[in-house]
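Here the structure is laid out as C-alpha cells; the discussion comes afterwards.
Nothing in this text is a laboratory measurement; each read-out follows from the coordinates by a stated rule. As the structure is a prediction and not an experimental result, all values here were calculated from the model. Cβ coordinates were reconstructed from backbone atoms using ideal geometry, including for glycine residues, and neighbour counts include every protein chain displayed.
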Amino acid sequence: MDHSRVPVLEALQEFRRRGDVAYGPPGHKQGRGVDPRVADIVGLDVFRSDVLALNGLDDRRQSQGVLSQAQELMADAVGAEHAFFSTCGSSLSVKTAMLSVAGPGEKLLLSRNAHKSVIAAVIVNGVRPIWVHPKFDGERHLAHPPEPDDVRRRLEQHPDAKGMLLITPTEWGTCADVTGVARVCHEFDVPLIVDEAWGAHLPFHSALPPWGMNAEADLVVTSVHKMGGAIEQSSVFHLQYDRVSPEVLKQREDLLGTTSASSLVYATLDGWRRQMVEQGHELLDGALRRALRVRSALDDLPGLRPMGQEVVEEGFAASFDPLKLVIDVRGLGITGMQAAEWLRTHRHVDVGGSDSGRISASITHADNDETEKILLDALTALVDNADSLEKQSPVHRPAPSDLELEQAMLPRDAFFAPVEHVPAERAAGRVSAETISPYPPGVPAVAPGEVITEAVLDYLRSGVEHGVLIPDAADPSVKTLRVVARQ
C-alpha cells in the first residue's frame, strides 16, 4: 500500500482549502467563536482542525471512505488483518474488546494486575472474572505478567472461559511471553486479547519486545498517545484470525464509543502511521541508543538503580522495553513519590510514574540531546539533594499472597448491591462494593465483590499517609469503606 498517503490529513487539508462554512457542530465554527484568551494558549489551529467526520471530512454517505482508508493503511503498517481507530482512549477500547469476547455471566480470564478500566469493564458487562495472578517480584515489589503455564492452569480449571485478557507491557515496561500465552489460548480455541496500551511503538523496531500481532494474539489494543506521536485519547484496535468477529467488534465499539469522534485524534493517528512506516526504524534506533546512554549514566549515580535485562535473566519477565527507564530510588533513603515531587518542584521535570520505591521515565522518538541532558542533570541533582528530603514512614507493602483476595460476589453484583459505609477498623471481612485503586500505579488493590482483609487495609492506610492518592474510592482517605450491606 502507498504509505505516503494520509487520508484523514488530506481530507482535513482539503476542507480547510475549500473554506467551507459549516452550520452544524462544532459550535465554535472552526475557531471563529473561540475566546481569544483560549486561542492564545492552545492555538487557533486546534479549532480550525476540529471538524466533523461526516459532513466535514467526508460526506454523509462516506463515499470517499476517508476513515476506512486510514484504518486499512494502519492495519497494513503493523501486520494486522483489520485496524479500527478509537477516540476514547484504550480505557474504552479494552472495555469494547472484552465485550466482544465475553457477555454477561460468561467467564473471561484476566490478569489481576490489570488497570482499573478492566475492572470497570467487568462491572459494565457482567462478565465472571477468572483471575490469573501475575508473577510477583518480592524484592522490587513489582507485579510482572503471568506465564503461559499460569494461563493453561486456569483454562483447565475453567474450560468454559471465553478468552483471556493479558496486560503487556506493564506500566513498568516488563513484558509477557505473548506467543506462549496465545498458543495456550488457541489450544483451547479461545482468543487472546492483549492490552498493549504501552506498546504502540513495538511493531516498528526489531530490538523492541515482540509485537502482539506478530506474537499470534487475536486482538491487540494500543494507546498511541503513550509512546507514539498521536494526541491523548488516541487508541487503535488491531485484529487478526477469526476468533473475534470484526463485525462484532465494530458493533460493540459503537455501543460504547462516542458519536462525536474527534477528527484531531483521527488525523494524528493517520500522520503517526505514515511517520513510523517511513522513518520509524531510524527514529526508534535513535531513541534506543539514547535510552542506553541514560541507563549507563544512571549506573554511575549512587543510590539509583535502573531496572534492566536482569529482570529477564532472573525469570520475572519474558522481555522488557528498554525505552522505559524504571529507576529504584530506595537507595537514596526516599520514596519514588518524594523523588517525583522534588523533580517537579525543583527541576520542572515530570516523570512518567512513581510509587513508594521507584520512578519511571519514557524515552521516545521525540527526545533529543537537550531533553536527555535535562533528565540526567535533574536526576544528578536529586541524588545530591536527597539527604535534605524529610524521611517518611514506609508504606506497609503486603505479601504477594495478601493481594490475592477472595472473590465472594461477582463485581457487577457487588457494585450495584445495597451498600453501607463502615469505618476502616470494621471493614475487614466485609465484601467491597467499590474499586480501590492506589495511584500510582492505578491497579486496584480491592475490586468490587472481593473480601477486604486487614493486610490490604494496612497497605491502603499507610499508603494514604505516605501520599498515595486513591481517587476512585468513595472516601479517598480510606477512613471509611463502601461495602455490601448485610441482610
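With each label point set 7 Å from Cα along the Cα-Cβ vector, what nm distance links GLU404 and VAL42?
4.7
Whole angstrom only: what separates the Cα centroid of the range 185-247 from the Cα centroid of the range 287-357?
26
Enumerate the amide H contacts of ASN214 below 5 Å, restricted to partners 5 or more residues apart or on another chain; note that Pro and chain-start residues carry no placed amide H.
Placed amide hydrogens put nothing under 5 Å from ASN214.
Test of understanding: ordering GLU420, GLU171 by Cβ neighbours within 10 Å, fewest first, what list do you get? Could the numbers behind the result be given before it?
Numbers: GLU420 13, GLU171 23.
Placing the least packed residue first, the sequence is GLU420, GLU171.
Hydropathy at least -0.5 by Kyte-Doolittle, axial extent at least 30 angstrom from the Cα trace: which helices of the chain, defined as entire DSSP H runs, fit?
Details: long enough: 263-299 (44 Å, -0.33).
Qualifying helices, which must be both long enough and hydrophobic enough, are 263-299.
Let me know the charge dipole size of the chain about its Cα centre in debye, to the nearest 20, where only the beta-carbon of Lys, Arg (+1) and Asp, Glu (-1) is charged. Don't jump to the answer; show the numbers that get you there.
Working: 48 positive and 69 negative charges, 222 e Å.
Charge dipole, the chain, about its Cα centre: 1060 debye, nearest 20.
Could you give the size of the charge dipole of the range 381-470 about its Cα centre, using +1 on the Cβ of each K and R and -1 on the Cβ of each D and E, expressed in debye and rounded to the nearest 20?
Values: 6 positive and 14 negative charges, 31 e Å.
Charge dipole of the range 381-470: 140 debye, to the nearest 20.
Translational diffusion coefficient of the range 65-265 at 20 °C, 1.002 mPa s, Stokes-Einstein with Kirkwood Rh over Cα pairs, in µm²/s as a whole number.
128
Let's test this: bin the Cα-Cα distances of the range 1-133 at 10 Å from zero up to the farthest pair and state each bin's percent.
Distribution as computed: 10, 27, 25, 24, 13, 1 percent.
Three principal axis extents, largest first, for the C-alpha atoms of the chain, in Å?
Principal axes ranked by extent give 65, 56, 47 Å for the Cα atoms.
Could you give the length gained by full extension between LEU256 and GLU420, i.e. 0.36 nm per residue of separation minus their alpha carbon distance, to one decimal place? Please list the in-between numbers first.
Numbers: separation 164, 0.36 × 164 = 59.04 nm, distance 2.99 nm.
Answer, rounded to one decimal: 56.0 nm.
So for each of 132-143, 398-409 I average, over its residues, the number of other beta carbons within 10 Å; can you give me the resulting order with the highest mean first? Spell out each step's value before the answer.
On the way: 132-143: 18.4, 398-409: 15.2.
Per-residue Cβ counts within 10 Å, averaged per peptide and sorted highest first, yield 132-143, 398-409.
Counting other beta carbons within 10 Å of each residue's own, what order do TYR266, TYR459, TYR439, TYR241 fall into, fewest first?
TYR241, TYR439, TYR459, TYR266
Given the pairs LYS226/LYS479; LYS135/LYS250; LYS116/LYS479; LYS95/LYS324; LYS29/LYS226, which span a C-alpha to C-alpha distance of over 24 angstrom in this model?
Working: LYS226/LYS479 34 Å; LYS135/LYS250 34 Å; LYS116/LYS479 21 Å; LYS95/LYS324 26 Å; LYS29/LYS226 30 Å.
From LYS226/LYS479; LYS135/LYS250; LYS116/LYS479; LYS95/LYS324; LYS29/LYS226, over 24 Å: LYS226/LYS479; LYS135/LYS250; LYS95/LYS324; LYS29/LYS226.
Taking the Cα centroid of the range 394-469 and of the range 81-135, what is the distance between the two, rounded to the nearest whole Å?
Here the two parts' Cα centres lie 20 Å apart.
Positive end of the charge dipole of the chain (Lys, Arg +1 and Asp, Glu -1 on Cβ, about the Cα centre): tell me which of GLY467, GLY333, PRO423 has its Cα farthest that way.
Farthest towards the positive pole: PRO423.
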